[in-house]
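Undergrad: Quick one: the structure is below, questions incoming.
The values are calculated or read from the model by the stated rules, or taken from the named source; none is laboratory data. This is a predicted model, so every value here is computed, not measured. Cβ placement follows ideal geometry from the backbone for every residue including glycine, while neighbour counts extend to all protein chains displayed. These accessible areas exclude ligands, DNA and RNA; they are computed on the full protein's heavy atoms, side chains included. Shrake-Rupley method; radii C 1.70, N 1.55, O 1.52, S 1.80 Å.
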Amino acid sequence: MSNDPTHQFVVSPIVPIEIGGIDFSFTNASLFMVATVAVASGFLYFSTSSRGLIPGRTQSVAEMAYEFIASMLREGAGTQGMKFFPFVFSLFMFVLTANLLGMMPYFFTVTSQIIVTFALALLVIGTVVVYGFYKHGTHFLHVFMPPGVPALLLPLVSAIEVVSFLSRPISLSVRLFANMLAGHITLKVFAGFVASMGALGAVGVGGAVLPLLMTVAMTALEFLVAFLQAYVFAVLTCMYLNDAVHGGSH
Amino acid sequence: MFISPAYAETAPAEGATHTETGTAHEGASGVFPPFDSQTYPSQILWLVITFGLFYMLMQKVIAPRIGSILEQRHDRIAQDLDEASRLKAEADAAVEAYEKELAAAKSKAGSIASTARDEAKAKADAERAAVEADLTAKVAAAEARIGEIKAKAFTEVGTIAEETASAIVEQLIGATVSEGELKAAVSAAKEA
């Protein structure tokens, strides 16, 4: 196996599919998307299948996740935003499960692909824009005109608002992608040090303790990051949905 | 660091460091894997399929199910709380009724006791008054009788004195004293 730290991000086809000259192969990335969905929905489905009035352990976890996102969405976008609950909950569970699955050795990290996170971010922003215009019509554009700004400054402020709105999908996707990518590369590099120093004999084995400790610590940190990034993604989605639900009237 | 696919593809030919990282890649185009745009269509397609499926499952099955579980529990708890507060209200009412009856019984007992006491007192007062009146009457009768006897005795004192005086005079001098003289002498002695 290659020691190249970026090797883990290589997408390689498993079942080659080509339609109209475009490569739609079922790849290892696709496999782990399927695995992510299977694990996430399987967990949520089977943990709640007993519908216990008094929840068991797994049911508690499923309920906690549900209530965590529900309260986050209610605080972020109000009760009117609750219609987006399945969407936000799906996003959170998908990102969280993908991140956590990616922590397993030899597993592919779906969220370390910029195209995946960017597609999810575009989905969020697309939902915000479509629902915003559907609900508020042109009033949705008031999002770009904060109330109480002097007329003289309005063009400047609006321009800033537009730029910040347009940068949302980029920041949303790059944040998740970069965190997963950097974490996995760092882990791989430190783990690689352990192997290569261990090959240098007794002194090397002694010295390899340091990167080993570092790898252990990094692994713990990466689990935290895996959860934190899913949380951040969900929180920001709630905040953006607030614009769609309440328009520029807030 | 952002490597555009176009730059990265030409990079291996340019510098040693770039060559080193470039050749290590096993991707078809030798690009930094996440920026290999050849994989994008496949990734997007499968993401749409898997995430779409996940969203549908979430919306149709999982979210309603967990929601209903939580709601059921919430309802059950609310119901139990209602039941508990209803029972508490009942208990409170029972305690209140009990205390009311207790107070009524206490006041009734008090009134019975006080009427009994009043009656007994009135009766005792009446009896005492009767006895006192009787005694007063008896005392008055006795005093009247004593006064009578005393008066009678006083009137008889004169007669006895006269008889005694005539008897003494007769014994001493052997002469009979007239009744008139005796009476005058006795009354004179009485007044002295």
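Undergrad: Once you have a ≥ b ≥ c as the square roots of the Cα gyration tensor eigenvalues for segment A:18-89, tell me rounded if a/c is under 1.5, and otherwise prolate or oblate according to whether a/b is larger than b/c. Walk me through the intermediate numbers first.
TA: Working: a/c = 3.79, a/b = 1.58, b/c = 2.40.
Oblate shape, in that a/c is at least 1.5 and b/c is the bigger or equal ratio.
Undergrad: Using only protein heavy atoms and a 1.4 Å probe, report how much of A:THR117 is accessible, in Å² to the nearest 10.
TA: Rounded to the nearest 10, that gives 0 Å².
Undergrad: Hey, another quick one. Return the carbon/sulfur percentage of the accessible area of the protein assembly as shown, one whole number, probe 1.4 Å, all protein chains in place.
TA: Roughly 68 percent, rounded to a whole number.
Undergrad: Picking from A:GLN113, A:GLY198, A:ILE69, whose Cα lies most toward the positive end of the charge dipole for segment A:7-249 (charges on Cβ: Lys, Arg +1; Asp, Glu -1)?
TA: A:ILE69
Undergrad: Within 10 Å of each Cβ in peptide A:54-67, how many partner chain Cβ atoms are there on average? Round it to a whole number, please.
TA: 2
Undergrad: Hey, how many Å between the Cα centroid of segment B:31-56 and the Cα centroid of segment B:79-101?
TA: 64 Å
Undergrad: Ordering A:PHE24, A:PHE108, A:PHE227 by how much accessible area each has at a 1.4 Å probe, largest first, what is the list?
TA: Solvent-accessible surface, decreasing: A:PHE227, A:PHE24, A:PHE108.
Undergrad: Further question: Select from A:LEU228, A:LEU153, A:LEU120 the residue whose mean-square fluctuation is largest in a Gaussian network model of chain A (Cα-Cα springs shorter than 10 Å).
TA: In the Gaussian network model the winner is A:LEU153.
Undergrad: Okay, next question. Could you order A:ILE115, A:ILE22, A:ILE54 so the one with the most accessible surface comes first? Probe is 1.4 Å.
TA: Greatest to least solvent exposure: A:ILE54, A:ILE22, A:ILE115.
Undergrad: Further question: How large is Rg over Rh for segment A:103-250, taking Rg from the Cα atoms and Rh as the Kirkwood inverse mean of 1/r across Cα pairs?
TA: Answer for segment A:103-250: 1.21.
Undergrad: Taking +1 at the Cβ of each Lys and Arg and -1 at the Cβ of each Asp and Glu, which of A:LEU154, A:ILE125, A:THR48 sits farthest along the dipole of chain A towards its positive end, judged by Cα position relative to the Cα centre?
TA: Final value for the positive-end residue is A:THR48.
Undergrad: Now, a different point. How crowded by other chains is B:31-39, given as the mean number of beta carbons from other chains within 10 Å of each beta carbon? Mind showing how you got there, number by number?
TA: Working: counts 0, 5, 12, 15, 4, 5, 1, 3, 12.
Partner Cβ neighbours, averaged per residue: 6.
Undergrad: Could I ask something else about it? Let me understand chain A better: what is its radius of gyration from the alpha carbons, and its Dmax, in angstrom?
TA: 22.0, 73
Undergrad: Aspartates and glutamates within cross-link reach of B:LYS100: Cα-Cα under 14 Å, excluding same-chain residues under 8 positions apart?
TA: Qualifying aspartates and glutamates at Cα under 14 Å: B:ASP92.
Undergrad: Taking the Cα centre of the protein assembly as shown as the origin, how large is its charge dipole in debye, to the nearest 20, when only Lys and Arg (+1) and Asp and Glu (-1) carry charge on their Cβ atoms? Display every interim value, and only then the final one.
TA: Numbers: 27 positive and 39 negative charges, 314 e Å.
Magnitude of the dipole: close to 1500 debye.
Undergrad: Using Cα centres only, tell me the gap between segment A:4-71 and segment A:186-233 in whole Å.
TA: If we compute the Cα centre of each part, the gap is 26 Å.
Undergrad: Would you calculate, for the protein assembly as shown, the mean residue ellipticity at 222 nm contributed by helices, counting each DSSP H stretch of 4 or more residues as -39,500 (n - 2.57) and dividing by all residues, to the nearest 500?
TA: -27000 deg cm²/dmol
Undergrad: I want to check the label-to-label distance for B:LYS152 and B:GLU181. Put each point 7 Å from Cα in the C-beta direction and report it in nm to one decimal.
TA: 3.3 nm
Undergrad: Could you work out, residue by residue across A:94-103, how many beta carbons of other chains sit within 10 Å of that residue's beta carbon, and then give the average as an integer?
TA: Working: counts 6, 0, 0, 1, 0, 0, 0, 0, 0, 0.
For this peptide, the per-residue mean of nearby foreign Cβ atoms is 1.
Undergrad: Something else now. Ballpark to the nearest 100 Å², how much total accessible area do B and A bury together, probe 1.4 Å?
TA: Rounded to the nearest hundred, the buried surface is 3900 Å².
Undergrad: Moving on. Given Cβ point charges of +1 (Lys, Arg) and -1 (Asp, Glu) and nothing else, what value in debye, to the nearest 20, does the dipole of segment A:7-249 about its Cα centre take?
TA: Magnitude of the dipole: close to 240 debye.
Undergrad: On to the next question. Can you list the lysines whose alpha carbon sits under 26 Å from that of B:LYS150, skipping same-chain ones fewer than 8 residues off?
TA: B:LYS138, B:LYS183, B:LYS190
Undergrad: How far apart, in nanometres, would the label points at B:ARG76 and B:ALA122 be if each is projected 7 angstrom from Cα along the Cα-to-Cβ direction?
TA: It works out to 7.0 nm between the two label points.
Undergrad: Follow-up. Express in nm, to one decimal, how much length is gained between A:LYS83 and A:LEU141 on full extension, taking 0.36 nm for each residue of separation and deducting their alpha carbon distance. Mind showing how you got there, number by number?
TA: Working: separation 58, 0.36 × 58 = 20.88 nm, distance 2.18 nm.
Using 0.36 nm per residue and subtracting the Cα-Cα distance, I get 18.7 nm.
Undergrad: How about A:LYS83: which lysines have a C-alpha closer than 25 Å to its C-alpha, ignoring those fewer than 8 places off in the same chain?
TA: Qualifying lysines at Cα under 25 Å: A:LYS135, B:LYS60.
Undergrad: Heads up, I need the accessible area for A:ILE19: 1.4 angstrom probe, whole protein in place, Å², nearest 10.
TA: Only protein atoms counted, so the area is about 100 Å².
Undergrad: Gaussian network model of chain A, Cα springs within a sub-10 Å range: biggest mean-square fluctuation belongs to which of A:PRO146, A:PRO211, A:PRO16?
TA: A:PRO16
Undergrad: Additional query: With every protein chain in place, what's the accessible area of A:PHE223 (1.4 Å probe, Å², nearest 10)?
TA: 90 Å²
Undergrad: May I pose another question? Compute log10 of I(q)/I(0) for the protein assembly as shown with the Debye formula, placing one identical point scatterer on every Cα and leaving out solvent, at q = 0.06, 0.08 Å⁻¹, to two decimals.
TA: -0.50, -0.69
Undergrad: Which order do peptides B:128-136, A:158-166 fall in by mean Cβ count within 10 Å, highest first?
TA: Order by mean packing, descending: A:158-166, B:128-136.
Undergrad: Right, something else. Picking from A:LEU241, A:MET82, A:VAL15, whose Cα lies most toward the positive end of the charge dipole for chain A (charges on Cβ: Lys, Arg +1; Asp, Glu -1)?
TA: A:MET82
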